1. Give or take rounding to whole Å, what are the principal axis extents of the alpha carbon atoms in the chain, in descending order?
2. Taking a 29 Å limit on the Cα-Cα distance, which of the listed pairs K101/K206; K64/K238; K32/K70; K34/K81 fall beyond it?
3. Could you give the accessible area per residue of the chain, probe 1.4 Å, as a whole number in Å²?
4. Charges only on Cβ, +1 for Lys and Arg, -1 for Asp and Glu: so what's the dipole of the chain about the Cα centre, in debye to the nearest 20?
5. With a 1.4 Å probe and every protein chain left in place, tell me how much accessible area I36 has, in Å² to the nearest 10.
6. For E119, what accessible surface area do you get with a 1.4 Å probe? Give it in Å², rounded to 10.
7. With a 1.4 Å probe and all protein chains left in place, how much of the accessible area of the stretch 197-274 comes from carbon and sulfur atoms, in whole percent?
8. Which residue, S264, L26, F57, has the largest displacement toward the positive end of the dipole of the chain when charges sit on each Cβ (Lys, Arg +1; Asp, Glu -1)?
Amino acid sequence: MTLSENNGVRVALSRPINSMPSKAELPTQNSKLKDIYPTLVLLANAGDARAACRLAFELDRCSKAEALDKSSSALEESLKKLDTNEPSYKQKIWMVNETRKEADLRKAVCSGYVESNPEEGARYALQAALTGSPEMRVRYVLMMGTALDHGQPEATAEGWLQYRDNARQLLQSTIDEGYPQAYETAAFNYLREPGRWRLVQPDPVKGLSFYFALIPFASPAYKDRLEQNIQYMTVKHKLSNADIVRAREMSGPLMAALSASVTSQVDFTSGSFKSEAGSYCDAKK
């Protein structure tokens, strides 16, 4: 067992992390996992963060393939019972078709692959987060492509413990670098309702400071969304004028970090990340 430190985070891993970049091409997206698994494992174990990210992504979606197929079938059955004149019928048809399309894709990609270790995906996801791009870090924090088992958490108990020990520091490292998706993630977590486990302690004023910091860099549509969020959260958390002044003051250093990293308008009106087949794993550090 080796203790490695990356991005200010210390973590125990089963092998040393080598963050040397690899020039090897990753397999074509949506290839069968059973065919590309050996290549990805070889590259990931040699320290290629891109390969570790891609492997975690593939293992994550295959671990959920069967459940998605069942969910898709249930949606198709429920659609048969709906009134075709219902205003939302066309939207529901679109949702059913998209779900089926993704379920069939996963069937094809995952066919022939047999999972041997449910912890494997979470381990490679952490490796990618520790040595890869800011997007890999924030996706890890958001539990996107981490292969963590939510239904049976004991199946990936080690992965959940590693997440608990590293997620906060990984988020903070991307905030310090002025990565805009990290700001959206931080705002949500500081402003969210109390739960059994929290990524950060509740702090509505600090949460709003991230929204204020994003406004100068936001597209018109996203700026409107941010201002609406600020207004809503101000009322919800019963914040005073003094609280708002403090949030604006706190946003100053955050804006400075963004100005050094953002090169185009920020627009998260459709979410912080787009859904795709793992192409984000090719991102440079």
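1. On the principal axes, the chain reaches 60, 60, 37 Å in Cα extent.
2. In this structure, K101/K206; K64/K238; K34/K81 exceed 29 Å between Cα atoms.
3. 53
4. It comes to approximately 260 debye.
5. Looks like 10 Å² after rounding.
6. We get 40 Å² for E119.
7. 53
8. S264
The values are calculated or read from the model by the stated rules, or taken from the named source; none is laboratory data. All figures in this text were calculated on a predicted structure; none of them were measured in a lab. So basically every Cβ, Gly included, is an ideal-geometry build from the backbone, and we count neighbours across all protein chains shown. The protein model used for the area step is the full one, side chains on, heavy atoms only, and it has no ligands, DNA or RNA in it. Shrake-Rupley method; radii C 1.70, N 1.55, O 1.52, S 1.80 Å.
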